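The values are calculated or read from the model by the stated rules, or taken from the named source; none is laboratory data. Being a predicted model, the structure only gives us computed values, none of them experimental. Quick reminder, even Gly has a Cβ in these numbers, built from the backbone with ideal geometry, and neighbours come from all protein chains shown. Surface accessibility is based on the protein's heavy atoms, side chains included, excluding ligands, DNA and RNA. Shrake-Rupley method; radii C 1.70, N 1.55, O 1.52, S 1.80 Å.
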There are 2 protein chains.
Amino acid sequence: MILLMASRAPSHDTWTIAQIAAEFGVTHRTVRHYEELGLISPERRGTARVYRRRDRTRLALILRGKRLGFPLEEIRTIIDLYDAPRGKTSQLEYAISQARIRRVELEARRRDLDDALAELAAFEASCRADLDSSGLRT
Amino acid sequence: MILLMASRAPSHDTWTIAQIAAEFGVTHRTVRHYEELGLISPERRGTARVYRRRDRTRLALILRGKRLGFPLEEIRTIIDLYDAPRGKTSQLEYAISQARIRRVELEARRRDLDDALAELAAFEASCRADLDSSGLRT
DNA sequence: CTTTACGTTGACGTAAGCGTCAAGCGCCGG
DNA sequence: CCGGCGCTTGACGCTTACGTCAACGTAAAG
């Protein structure tokens, strides 16, 4: 049970835009678009973008947010929350309040998701019942 | 435990576009847009649209699909699946296979959602820990 | 009979999220 | 030195999901 492989061991510590795009299954245009919107901000070596682990983490968060149906601007505020400075008490309290808001939102979506799954399971069962009965009579 | 109230008892059996839109918190333009894409197809009384319970059900499915981030075209195929004729065996088998595809997709999103919730909870806990320790030292 | 309210069909506008050129720069092998 | 490959920056295009007029019909209300 401890046979979990390290999922995608990072063989480098920097990546080019092509490597990042290929690995995450998006185009370089998409990556640049996220940068234009301020969701990621890679370093530069000369004019070329250099991506580090931090950028990969953020990109993973972006894509997951997209799969969950969040707009990019909202995704930006969410992942900025994770990376925000947390020095002062007021900042910590703000972060916690924002996290609570996000949690409530995510829990609502989870209810939607569970409802959809339940309906789908019922539908599937109903189809199977029809299939069995028609099969038995044939 | 049998105290479940009928949620939103339907006081009519037909509705106007304005009533439907207001009840679901969308504009009439949105409702018409869904009709243009074939997601709902209300009856007509003269030229005016008349919405029945079936349309309300479909609209609820549409909006939930949207909250889960599905494009309208995909939502159409999903709810059409629910309403599709299920007479012949081949149709039943097709419906079941499609339902399985949807279920796999929804389960994947649920993993995303649970991951996001777990990370958010960890973040919140971390913030609270920082807040407590700074509070204790003050 | 006219106003008012609510409905209708176009048709164009717009924001988000990229796709798709076009044109240029920098480095590396031959 | 020169081609090619990979990277760069625009800039325009396209699809989705509506918003927003405009112009008109119709039915009840005054």
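For this structure, a couple of remarks:
- Verdict on A:SER41 being among the hydroxyl-bearing types (Ser, Thr, Tyr) and within 16 Å of DNA strand D (Cβ to nearest atom): yes
- Filter result (open to solvent by less than 40 Å² (accessible area, probe 1.4 Å) and either under 20 Å from the mean Cα position of the chain (by Cα) or modelled with pLDDT under 95 (or both)) within the range B:39-57: B:LEU39, B:ILE40, B:PRO42, B:TYR51, B:ASP55, B:ARG56
- Among the residues of the range A:1-22, those identified as aliphatic (A, V, I, L, M) and either under 21 Å from A:TYR82 (Cβ atoms) or modelled with pLDDT under 90 (or both) are A:MET1, A:ILE2, A:LEU3, A:LEU4, A:MET5, A:ALA6, A:ALA9, A:ILE20.
- Verdict on B:GLY25 being within 14 Å of DNA strand D (Cβ to nearest atom) and modelled with pLDDT of 95 or more: yes
- Exactly one residue out of A:ILE79, A:ILE101, A:ILE62 is touching a residue at least 40 places away in the same chain (Cβ under 8 Å) and more than 16 Å from DNA strand D (Cβ to nearest atom): that is A:ILE79.
To keep it simple, each residue is scored yes or no on (1) more than 7 Å from chain A (Cβ to nearest Cβ); (2) among the acidic types (Asp, Glu); (3) under 25 Å from the mean Cα position of the chain (by Cα).
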{"position": "B:GLN91", "(1), (2), (3)": "yes, no, yes"}
{"position": "B:ALA95", "(1), (2), (3)": "no, no, yes"}
{"position": "B:ALA118", "(1), (2), (3)": "yes, no, yes"}
{"position": "B:SER126", "(1), (2), (3)": "yes, no, no"}
{"position": "B:LEU131", "(1), (2), (3)": "no, no, no"}
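- Each residue in the range A:57-66 was checked for being within 11 Å of chain B (Cβ to nearest Cβ) and within 11 Å of DNA strand C (Cβ to nearest atom), and 3 of them qualify.
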